[in-house]
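A.B. asks: Have a look at the structure that comes next, please.
The values are calculated or read from the model by the stated rules, or taken from the named source; none is laboratory data. For clarity, every value in this text was computed on a predicted model and none was experimentally measured. When we count neighbours, we look across all protein chains shown, and the Cβ atoms used for this are built from the backbone with ideal geometry, even at glycine. Each accessible area value is taken on the protein alone, full model and side chains, heavy atoms only, with ligands, DNA and RNA left out. Shrake-Rupley method; radii C 1.70, N 1.55, O 1.52, S 1.80 Å.
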Amino acid sequence: MHFVRIIAFGALLLPSDSVLAQQANLLLADVMAQYQGAMQASFTHTMTSPVWDGQHVTHGQIILQDDRYRIETEYELIIGHGADIWIWRPEDNQLLISSTDDEGLAFAPGALFRDYSRHYAARDIAVTQERGVPHYQLTLTPVSDNFPVREIVLWVRQPERLITRIRVVDYNDTQMEFRLSDIVPAADIAPGTFEFRPPDGAEIIDLRS
């Protein structure tokens, strides 16, 4: 009988799902506050999918400010302004210009680093270690149905509230993972960072309607 009472009392001490969600969303608000200005970092991007074997791995640099971003990899330069995207591939001497809808913006750096409240709610929080450093692990799910992303998991470094790892899973079980290093919040962004002029003779393909 005493054992049953002890078990019941211990259950009362455990945080409920609603309390965990509340704590997770408070932490998420703190995290988003770190990214309201500018940010730059190095990253490793890994993509896996049941459609193909193995992994696709890319290394690069990202600069983020408001709804603008600049991503440089060994293969291409990507500059985004809101829904418009410029992709420069020097090997092909080609500039591709396109735009995306709300679903596409769900995968844009703005949504993956700072604009979580627009699309997601935090449902769980845990304390973990990432590369030997204490982190919070936040699990986010979409606030609306029929959203292309099923789940996002954030690894947030204590105590700075900086994201060092992001895992995105869509409904086709394709996974994108970003590991960040050399993170500079409130970075001083040089003028012209989010502008690009292709060289003379470059092929320009504008797919915007």
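A.B. asks: Any chance you could give the angle, 0 to 90 degrees and rounded to 10, that helix 17-33 forms with the longest Cα principal axis of the chain?
C.D. replies: Approximately 30 degrees, to the nearest 10.
A.B. asks: Rounded to the nearest 10 Å², what accessible area does Arg167 have for a 1.4 Å probe in the complete protein model?
C.D. replies: 60 Å²
A.B. asks: What do you get for the angle between helix 2-13 and the principal long axis of the chain? Use alpha-carbon atoms, 0 to 90 degrees, nearest ten.
C.D. replies: Value to nearest ten degrees: 30.
A.B. asks: At 4 °C and a viscosity of 1.567 mPa s, what translational diffusion coefficient does Stokes-Einstein give for the stretch 14-103, taking Rh as the Kirkwood radius over Cα pairs? Give it in µm²/s as a whole number.
C.D. replies: Details: Rh = 16.2 Å.
Result for D is 80 µm²/s.
A.B. asks: At a 1.4 Å probe, what is the % contribution of carbon and sulfur to the accessible area of the chain?
C.D. replies: Numbers: 6130 of 12020 Å².
It is 51 percent, rounded to a whole number.
A.B. asks: Dividing the Cα radius of gyration by the Kirkwood radius, what Rg/Rh value follows for the stretch 51-96?
C.D. replies: On the way: Rg = 12.4 Å, Rh = 11.9 Å.
Ratio of gyration radius to Kirkwood radius for the stretch 51-96: 1.05.
A.B. asks: Using mean projected area of the Cα convex hull in nm² as the read-out, say which of (i) 11.1; (ii) 15.6; (iii) 14.4 was calculated from these coordinates.
C.D. replies: (ii)
A.B. asks: Separate question: State which stretch of the chain is the longest one without any exposed GluC sites (Glu not before Pro), exposure meaning a DSSP loop state and at most 14 other Cβ atoms within 10 Å. Before the final figure, lay out each step's value.
C.D. replies: Values: sites that count: Glu74, Glu91, Glu160, Glu195.
Looking at the chain, 1-73 is the longest stretch - no exposed GluC sites (Glu not before Pro) with at most 14 other Cβ atoms within 10 Å.
A.B. asks: To the nearest 500 deg cm²/dmol, what mean residue ellipticity at 222 nm is calculated for the chain from DSSP H runs of n ≥ 4 alone, each contributing -39,500 (n - 2.57), summed and divided by the residues? Don't skip to the end; give the middle numbers.
C.D. replies: Details: 5 runs with 42 residues, N = 209.
Per the formula, -5500 deg cm²/dmol.
A.B. asks: If you build the Cα gyration tensor of the stretch 159-209 and take the root of 5 times each eigenvalue, what three semi-axes come out, in whole angstrom, biggest first?
C.D. replies: On the way: eigenvalues 190, 109, 17 Å².
So the equivalent ellipsoid measures 31, 23, 9 Å along its semi-axes.
A.B. asks: Counting DSSP beta bridges with both partners in the chain, what percentage is antiparallel, nearest 5? Please list the in-between numbers first.
C.D. replies: Numbers: 70 of 74 bridges.
Percentage antiparallel, nearest 5: 95.
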